[in-house]
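**Q** Submitted below is the structure of interest, expressed as structure tokens.
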Amino acid sequence: MEVEKARPPQRLAPFSYALEAVVVQDGQDLADGRLVLLHDPAGHDAWKGAFRLVTLVRAELEPEMAADPLLPEVCWSWLTGAFEARGAAYVEPSGTVTLAGSHYFGALANRRTATQIEIRASWTPREGAGGVPDAATHLTAWCELLCQIGGLPPGTPADAAVVSLPQRRGPQSPR
């Protein structure tokens, strides 16, 4: 996993920090994502706390995988399951799982059909000692989610019941 600091949003909260990550295996990008930590010392009614984590993760899929009607629920369960497996306490989760397919025509007709899955989510990490959440645990859970959506198997025996997407095959179109 390659992780780097990113420019955080400026208007969502008085304080923010952002990371971007790419899951790479054998030189191939399997998934990518962004994680933003927001902090408002005065608290935020909608967050039910002073901190909020916001993410976008995405990966290419085999087109046949997108036809599975349970795929969105499974992908959402990867997010909540990663929190539970890592002991990352949270409240107020919300988000979407989106499947998008691209069919190419004209000058782009030689590209293969592409299907992408995307999870957009936010949640409030429970604050621990000193009123600060365990950001490292939430980051670890997020990395687990990113690996799973990229098709890598779950990282711990506690995740054994989680279904993994098959790894992508063939050349990938540039992002």
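The values are calculated or read from the model by the stated rules, or taken from the named source; none is laboratory data. Note that the coordinates shown come from a computational prediction; the quantities given were computed from them, not determined experimentally. Counting neighbours? That spans all protein chains shown, and the Cβs are built from the backbone with ideal geometry, glycine included.
**Q** May I ask you to list the residues in region 65-99 that are assigned to a strand (DSSP E or B) and either within 14 Å of Pro125 (Cβ to Cβ) or out of contact with any Lys or Arg (no Cβ under 7 Å at 6 or more places or on another chain) (or both)?
**A** Across region 65-99, the qualifying residues are Tyr90, Val91, Glu92, Pro93, Ser94, Val97, Thr98, Leu99.
**Q** Given (1) out of contact with any helix residue (DSSP H, G or I) (no Cβ under 7 Å at 6 or more places or on another chain); (2) closer than 25 Å to Ala129 by Cα; (3) of a type in the set (A, V, I, L, M); (4) part of a strand (DSSP E or B), identify the lone condition not met by Val3.
**A** If we test Val3 against (1) out of contact with any helix residue (DSSP H, G or I) (no Cβ under 7 Å at 6 or more places or on another chain); (2) closer than 25 Å to Ala129 by Cα; (3) of a type in the set (A, V, I, L, M); (4) part of a strand (DSSP E or B), just (2) comes out false.
**Q** Considering only residues that are more than 13 Å from Thr80 (Cα to Cα) and either of a type in the set (A, V, I, L, M) or surrounded by fewer than 16 Cβ atoms within 10 Å (Cβ to Cβ) (or both), which ones fall in region 121-138?
**A** Of everything in region 121-138, those that are more than 13 Å from Thr80 (Cα to Cα) and either of a type in the set (A, V, I, L, M) or surrounded by fewer than 16 Cβ atoms within 10 Å (Cβ to Cβ) (or both) turn out to be Arg126, Glu127, Gly128, Ala129, Gly130, Gly131, Val132, Ala135, Ala136.
**Q** Mind listing just one residue for me: the one in region 10-24 that is surrounded by 14 or more Cβ atoms within 10 Å (Cβ to Cβ) and not in a loop (DSSP other than H, G, I, E, B) and, of those, farthest from the chain's Cα centre (by Cα)?
**A** Ser16
**Q** Now a separate question. Would you point out the residue of region 152-175, among those that are closer than 19 Å to Arg86 by Cα, assigned to a loop (DSSP other than H, G, I, E, B) and among the small types (Gly, Ala, Ser), that is modelled with the highest pLDDT?
**A** Step by step, filter region 152-175, then rank; the result is Gly155.
**Q** Please go through region 25-46 and pick out each residue that is over 19 Å from Leu152 (Cβ atoms) and not in a strand (DSSP E or B).
**A** Residues satisfying the conditions are Asp45, Ala46.
**Q** Which one is farthest from Trp78 (Cα to Cα), of the residues in region 109-123 that are part of a strand (DSSP E or B) and of a type in the set (Val, Ile, Thr)?
**A** Thr115
**Q** Would you please list the contacts, defined by Cβ atoms under 7 Å and residues six or more apart or on different chains, that run from a residue in region 1-14 that is in contact (Cβ under 8 Å) with a residue 12 or more places away in the chain to a residue that is of a type in the set (Ser, Thr, Tyr)?
**A** Pairs found: Pro8/Ser16; Pro8/Tyr17; Pro9/Ser16.
**Q** Does region 47-64 hold any residues that are modelled with pLDDT under 90 and in a strand (DSSP E or B), and which are they?
**A** Within region 47-64, just Leu61 meets the criteria.
**Q** What is the one condition in (1) in contact with an Asp or Glu (Cβ under 6 Å, 6 or more places away or on another chain); (2) crowded, with 21+ Cβ neighbours inside 10 Å that Leu35 does not satisfy?
**A** Every condition holds for Leu35 apart from (1).
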